[in-house]
Amino acid sequence: MSKISVVIPCFNEEENVEAIAEAVIREFEEKLPAYDYEIIFIDNDSKDRTRDILRVLIAGNPKVKAIFNAKNFWQFNSPYYGLMQITGDAGILLAADFQDPPELIHEFVEGWAEGYKIVIGRKTKSEENRLIYFFRTIYYKLIRKFSDVEQIEHYTGFGLYDKAFVEVLKKLDDPTPFLRGIVAELGFRRKEIEYMQPKRRAGKTSNNFYRLYDGAMLSVTSYTKIGLRIATFIGAIGSFASFVIAVVFFILKLTNWYGYEAGIAPLIIMVALLGSMQLFFIGLIGEYILSINSRVMRRPLVVEEERVGIWEDEAK
C-alpha cells in the first residue's frame with residue numbers, strides 16, 4: 001500500500017489546525033481508501049494555542065505528528081524542511097488556513113498514480129483582495145520574463161512531490177531554499193491542476209509587506225540577473241550623459257554663448273537624480289549580497305525544539 005505524507009506548516013493557526021486535519025482525514029477515508037497516510041504539522045513557534053491543540057490531535061490519532069520549531073524560521077524554510085521529513089512515498093504541501101483546498105488532494109494523488117513525479121496546484125482566480133492579486137500577477141509575469149529559468153505563475157508550493165524529488169531537495173543543501181523556483185528549475189515532469197484560491201477560513205494572516213517583499217526578493221536574487229544588468233546599463237548611460245552635459249555646460253559657461261547664464265539649480269537637480277539612482281541600485285546590489293551571505297553562512301533550515309507523535313519510521 002502506497003503511503004502519502006501531508007505536510008502542513010502552521011503559525012498561530014489555533015482556529016484552523018483541527019479543521020484542516022479533519023478535512024485531510026476525510027479526504028483519505030472517502031476518496032483515497034486504498035492509500036495509507038500521515039499528517040505532519042510543522043509549527044513555526046506559534047504564540048497562541050496551536051501547539052496545545054496539536055498535542056490533543058496527536059494523542060487521539062497515531063497518523064498525526066508534529067515538529068515544533070525552536071523559533072520562527074519564516075515562510076520558506078519551514079515547509080521545505082517539513083517536506084524533507086516525510087516517510088511516505090510522496091509528500092503533499094498544504095497550507096493550514098484552507099487557502100490550499102484539501103479537496104484537491106485526491107486529484108494530486110491521481111495525477112501521481114498516472115506517473116507524474118510532481119503534481120502542483122496553480123491559482124487561476126482568487127478570493128483575496130483584487131488589488132493584491134493584480135500586483136501578484138504583474139510580479140509573476142515580470143519574474144517569468146526576466147528569469148534565467150522557467151517560472152510558474154501563481155504557484156505557491158501547494159502540490160504533491162514524489163519521494164524521488166524530495167531526495168533531490170535533500171541533496172541541494174540550500175540554507176535559503178525557494179521551492180517554487182526549484183520545482184521549475186530542477187523538477188521532474190509535472191502536472192498542473194488549476195483552482196480558485198478561497199479566503200482564509202479563520203484567523204489572521206501573518207504575511208505583511210516585509211514578508212511579501214522578502215519572498216519577492218528571494219525569487220529575484222535567486223533566479224534573475226536583470227537587476228544587476230539594469231544597474232550596469234543605466235549606470236553606463238547616466239555616466240555618459242553626465243559627461244556630455246558637463247562638457248556642454250562648461251563650454252557654454254566659458255564662452256558666455258549669447259550671454260548664456262545658468263544658476264546652480266540644474267547642477268543640483270542632476271546631482272540629486274544621479275544620487276537617488278546610485279542609492280537605489282546600491283540597495284538592489286545589496287539584496288544580491290544578502291542572498292549570497294545567507295547561503296555562505298550555511299545555517300540550518302530550522303532548529304527543532306521537539307517532535308511529537310510516533311516517529312519510529314523517521315527518514316531524516
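Values quoted throughout were computed directly from the atomic coordinates according to the rules given, and no laboratory measurement underlies them. Everything numeric in this text was worked out from a predicted model, so none of it was measured. Please note: Cβ atoms are built from the backbone with ideal geometry, for glycine as well, and neighbour counts cover all protein chains shown.
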Review point. Aspartates and glutamates near Lys123 by alpha-carbon distance under 13 Å, same-chain residues fewer than 8 away left out - which ones?
Key: Asp100, Glu153, Glu192, Glu194
Check your understanding: Roughly what would the spin-label model give for Asp36 and Val168, points 7 Å off Cα along C-beta, in nm?
Key -> 2.6 nm
Point to revise | Extension gain, Arg49 back to Leu142 (0.36 nm per residue minus Cα-Cα distance, nm) | key: 29.5 nm
**Study point:** Members of Lys65/Lys141; Lys71/Lys170; Lys125/Lys171; Lys3/Lys191; Lys47/Lys145 lying beyond 31 Å, as alpha-carbon distances in this model show
**Key:** Lys65/Lys141; Lys125/Lys171; Lys47/Lys145
Practice item. Would you please give the FRET efficiency between Ile193 and Asn61, computed as 1/(1 + (r/R0)^6) with r the Cβ-Cβ distance and R0 = 30 Å, to the nearest 0.05? Key: 0.65
Study note, to complete from the structure: If amide H atoms are modeled at 1.01 Å from N in the peptide plane, then the residues at a separation of 5 or more from Val7, or on another chain, having amide H under 5 Å from its own are Ile40, Ile92, Leu93, Leu94
Check your understanding: Which distance in nm do the two modelled labels at Tyr133 and Glu304 give, with both placed 7 Å along the Cα-to-Cβ direction?
Key -> 3.9 nm
